[in-house]
Amino acid sequence: MTTSLSTDHPGGPEALLAGNPRRRAREKAVHTIVTLAAFTSVLITVGIVGSLVFRAGEFLVGLANPSDADIAEARGPIGFSNLWSDQWAPRFFDFDIKTLLVGSLIVTVIAMAVATPLGLGAAVYLSEYADSRVRKILKPILEVLAGIPSVVLGFFALRWISPNLVQRFFDSEGQSLLAAGLGVGLLTIPLVASISEDAMRSVPGSLREASAGLGARKKTTTLSVVMPAAVSGLVAALIVATSRAIGETMVVFLAAGASGNSALFTVSPLERGSTMTAAMASQASGTDGTITELGFGSLFFVGFVLFVITLVLNLLADRFVRRVRHGY
Amino acid sequence: MAIVQPILDDKTGKRVEAQIASGGVSLSNLIFKWALLGCLLFSLLVLGVLIYDVFTDSWSVLSSRLGTFLANPTRTAADESGIFQGLRGTFWIGVFVIVFTFPVGIAAAIYLEEYARDNAFTRLINVNIRNLAGVPSVVYGILGLTVFVTLLKGVYGDVALSRGNTTTAGGLTLAILALPVVIITASEAIRAVPDSLREAAYGVGATKWEVIKSHVLPYAAPGILTGTLLSLARALGEAAPLILVGAVQGKLGPRTGFFGLDQLGEKFTAMPIVITDFAKQPGDSWQPVTAAAIVVLLLVVLGFNAVAVILRNRFEAKREG
């Protein structure tokens with residue numbers, strides 16, 4: 001080697017310690033690049049929030065001061081009172097947001113009624129009961145269920161769940177919010193299962209051993225020691241799943257049966273209906289005959305409401321998840 | 001410390017005796033265990049029914065006219081319709097995710113795990129990314145519609161008959177949708193690299209980037225690859241954002257070409273959109289065609305998923321062993 005570490009370097013010892021300038025420049029460039037990449041995520045958020053606020057605002061302003069074209073199309077007066085009527089039908093300037101909120105609520109409640117017991121049960125079995133051999137087989141299969149695109153479950157809800165379950169056991173004609181809710185529930189099972197399994201597996205084994213040492217059976221240990229210790233994670237799993245169920249679009253778009261982009265206000269899960277997400281998708285796919293500017297703008301308003309709801313749920317879930325991490 | 005007196009009154013004694021006599025098997029415990037297994041098996045049963053149902057429905061199409069089904073565009077008649085344009089759109093979306101999301105996501109993860117100091121800015125980015133991962137996919141469609149479609153309106157000039165709802169807009173939208181998941185999974189993989197590896201590299205005089213390039217990334221590669229494959233699969237299965245961006249539902253002009261770059265400026269559709277469109281058609285004749293399209297999409301999406309899971313299990317076993 002010709003490199004010498006002596007102090008008789010041409011630039012003196014400082015120059016030697018400063019290192020190769022090209023290497024230093026490269027370090028700096030990499031640092032800048034990765035920082036910019038991380039900053040992209042902030043730009044995305046700004047883009048999402050910006051476009052939602054801007055265009056939802058545009059819609060509300062348009063509602064307050066309707067354009068001449070909109071006035072000519074509408075059969076009645078246009079104002080904020082259009083946000084509260086008995087149906088969601090942008091074509092007729094009926095922007096009854098409670099129709100969509102209640103629709104989303106019905107679908108979400110049904111979905112969680114399916115996903116909570118099945119997802120939690122599967123998670124408890126995988127984490128506490130299954131031996132590693134069984135686990136190695138069953139868990140990947142559950143992950144396959146997680147990978148199924150929602151449009152596929154939408155088709156399944158429309159063509160299988162609706163005729164074979166809903167119409168057979170309930171008095172319902174054709175498509176319904178119930179079929180959509182069941183489909184969304186199936187979609188959220190793997191999510192509930194995987195987050196709550198992680199939470200329970202992060203409970204230290206010493207707690208289980210202590211419980212067993214006191215003579216508790218496995219069921220008692222699971223129910224009174226492991227699950228209470230993992231409760232933050234379990235709650236987080238349910239909140240994340242709720243948020244996902246509210247935001248799920250394709251299953252409802254296909255299976256809930258709203259015709260065009262209009263839905264009557266209903267509280268019955270056996271009727272056709274729409275949710276926030278499905279209303280946005282139908283508005284954008286332009287199944288409505290005439291698309292008025294105000295009608296199209298309603299899409300962004302609904303999107304804004306949806307975004308706020310899911311954001312609150314996600315922040316809440318995040319708090320619970322972090323509590324788990326700090327726990328042990 | 002006081003000595004704890006065992007309380008052995010009659011009742012407790014009898015219960016203990018009874019339980020010992022029962023050979024340690026308690027009915028309620030058994031029921032509990034089987035109920036849990038039932039939950040798991042029910043979920044898997046549903047999966048089985050779904051796949052069986054789709055395959056049997058699709059068989060008449062896949063067995064008799066697989067070639068035309070793959071090569072034909074969407075037509076008015078169910079038995080002539082194919083998924084050519086859907087495959088093309090899905091291919092290009094995959095390209096956008098690989099070209100844009102993978103490098104940016106991995107670079108962001110490197111920043112968060114290797115460069116970021118624990119300050120307010122870092123915490124902001126972390127919270128932000130976790131929240132982005134939870135934003136409903138349809139909301140990403142609003143971003144795509146407002147930003148990309150608007151920005152791209154004039155870019156492709158008269159090549160596009162579109163109003164900006166081009167392959168590029170759809171691809172970028174899904175690339176952005178996939179980004180948070182890539183960042184999160186890549187971060188986890190990088191975090192799992194033992195510090196001793198970094199210290200060894202620093203010890204022989206490597207710079208930070210050299211440490212990352214030669215030690216951290218190779219070690220984290222399987223984990224990163226798993227995460228990127230999962231996010232790619234998720235992006236390819238998404239329909240809602242594409243509907244908002246204006247993917248064409250129904251017939252799309254009979255333009256030829258698949259891999260040509262001119263596709264970037266054309267109107268587009270994708271497999272999930274084609275499936276949605278088929279599923280919404282009235283009449284039973286569309287059901288086999290829809291099912292066949294689903295089988296093709298499932299093969300692609302579950303294929304990536306399976307590779308990801310197998311890779312992960314393999315490397316986990318290797319590390320532990």
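The values are calculated or read from the model by the stated rules, or taken from the named source; none is laboratory data. Only a predicted model underlies this, so the values are computations on that prediction, with no experimental measurement involved. Cβ atoms come from the backbone with ideal geometry, glycine included; neighbour counts cover every protein chain shown. These accessible areas exclude ligands, DNA and RNA; they are computed on the full protein's heavy atoms, side chains included. Shrake-Rupley method; radii C 1.70, N 1.55, O 1.52, S 1.80 Å.
Here the Gaussian network model covers chain A, with springs between Cα atoms less than 10 Å apart; of A:T188, A:T310, A:T242, A:T310 fluctuates the most.
Ranked from the most accessible area to the least, with a 1.4 Å probe and all protein chains present, what is the order of A:D86, A:D318, B:D118?
Details: A:D86 95, A:D318 20, B:D118 130 Å².
Greatest to least solvent exposure: B:D118, A:D86, A:D318.
Cross-link check: pairs A:K139/B:K318; B:K153/B:K251; A:K98/B:K251 evaluated at a Cα-Cα cut-off of 26 Å; pairs beyond the cut-off: A:K98/B:K251.
What's the average, rounded to a whole number, of partner chain beta-carbon atoms within 10 Å of each residue's beta-carbon in B:101-108?
Shielding by partners across B:101-108 averages 4.
Straight-distance candidates among the lysines for linking to A:K28, with alpha-carbon spacing under 27 Å and chain neighbours fewer than 8 residues away dropped: B:K208, B:K213.
Please report the carbon-and-sulfur percent of the accessible area for the protein assembly as shown; probe 1.4 Å, protein heavy atoms only, DNA, RNA and ligands left out. Please report the intermediate quantities before stating the final value.
Values: 19350 of 30100 Å².
It is 64 percent, rounded to a whole number.
Its DSSP H runs of at least 4 residues, each contributing -39,500 (n - 2.57), put the calculated 222 nm mean residue ellipticity of chain B at -21500 deg cm²/dmol, to the nearest 500.
Note on chain A: GNM, Cα springs under 10 Å; of A:S81, A:S282, A:S232, the largest mean-square fluctuation is that of A:S81.
Here's the picture: charge each Lys and Arg Cβ at +1 and each Asp and Glu Cβ at -1 in the protein assembly as shown, and of B:V301, B:W92, A:M227 the one pushed furthest to the positive end of that dipole is A:M227.
Rolling a 1.4 Å sphere over the protein heavy atoms, what is the accessible area per residue of the protein assembly as shown, to the nearest Å²?
Numbers: 30100 Å² over 649 residues.
Value for the protein assembly as shown: 46 Å² per residue.
Shown here for the range A:118-227: GluC sites (Glu not before Pro) in loop regions (DSSP other than H, G, I, E, B) with at most 12 other Cβ atoms within 10 Å, namely A:E173.
Under a 5 Å amide H cut-off, with hydrogens placed 1.01 Å from N, B:L252 pairs with B:T74 among residues at least 5 apart or on other chains. Return one number: the angle in degrees, 0 to 90 and rounded to the nearest 10, between the long axis of the Cα atoms of helix B:286-320 and the longest principal axis of the Cα atoms of chain B. So the inclination is approximately 50 degrees. Inter-chain neighbour count for B:201-213: the average number of beta-carbon atoms from partner chains within 10 Å of each residue's beta-carbon is 2.
Expressed as an acute angle from 0 to 90° and rounded to the nearest 10, what is the orientation of the C-alpha long axis of helix B:10-21 relative to the principal long axis of chain B? Helix B:10-21 sits at roughly 60 degrees to that axis. Please work out the C-alpha center-to-center distance from the range A:207-264 to the range B:37-62 and express it in whole Å. Result: 23 Å between the Cα centres.
Helix A:231-247 and the long axis of chain A differ in direction by around 50°, with both axes built from C-alpha atoms.
By the helix-only formula, in which each DSSP H run with n ≥ 4 contributes -39500 (n - 2.57) and the sum is divided by residues, chain A has a 222 nm mean residue ellipticity of -21500 deg cm²/dmol.
Packing, taken as the mean count of other beta carbons within 10 Å per residue, orders the peptides A:117-125, B:284-292, A:220-228 from highest to lowest as A:117-125, B:284-292, A:220-228.
Given a cut-off of under 8 Å on Cα pairs at least six residues apart, what relative contact order in percent is computed for the range B:200-321?
Values: 74 pairs, mean separation 41.8, N = 122.
Worked out over the range B:200-321, it gives 34 percent.
The relative contact order of the range B:82-271, computed from alpha carbon pairs under 8 Å that lie at least 6 residues apart in sequence, is 39 percent.
Would you mind counting up the charge near B:A220? Only other residues with Cβ under 10 Å from its Cβ, with Lys and Arg at +1 and Asp and Glu at -1.
Working: positive: B:R191; negative: B:E113, B:E188.
Net of charged neighbours comes to -1.
Given an 8 Å cut-off on Cα distances and at least 6 residues of separation, report the relative contact order of chain B as a percent.
Working: 383 pairs, mean separation 80.7, N = 321.
Relative CO of chain B lands at 25 percent.
Enter the mean number of other protein chain beta carbons within 10 Å of the beta carbon of each residue in A:135-148, as an integer. Mind showing how you got there, number by number?
Details: counts 0, 2, 0, 5, 3, 6, 6, 4, 7, 9, 5, 3, 13, 10.
Per residue, the number of nearby Cβ atoms from other chains is 5 on average.
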